[in-house]
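The structure under discussion appears below in the form of structure tokens.
The values are calculated or read from the model by the stated rules, or taken from the named source; none is laboratory data. Since the model is a prediction, treat every value here as computed from it, not as a measurement.
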Amino acid sequence: MPDNYESRLAEWKTKHGYRDLDPDAEEEEALRAADKQLKGDDYCVLCGKGPQPISGMVLITYRDDPYLQPDYGASDEPCPPDERVRACPQCWAAERSEESNDESETRLRSES
């Protein structure tokens, strides 16, 4: 009999409105919200388009892509606004889509 505990647990959490308490995720969410409030312009790290308003861009955090954003996790201070890495919403969506496709292909290869 297959063990489907994880899927049942996820179903239960969704049904009861439970969400995982991840302090890093909550900090990132707060950082993203604060970043959206910043005035000024920046360039997309993926396509170079810009300058464009920061409020319309997606903040890329270290957890999103450790190769693009420096790690400020060791310090008590968040990444300074002028050192943050941002992308156009379209570029970031395309980047995430490519990553999902790559992961799916890798999973399919390992299963066959």
Handout entry: Scope the stretch 27-44; condition in a helix (DSSP H, G or I) and among the acidic types (Asp, Glu); matching residues
Key = Glu27, Glu28, Glu29, Asp35
Exercise for the section: Please work out if Glu83 is within 19 Å of Glu29 (Cα to Cα) and at pLDDT below 80. Expected result: no
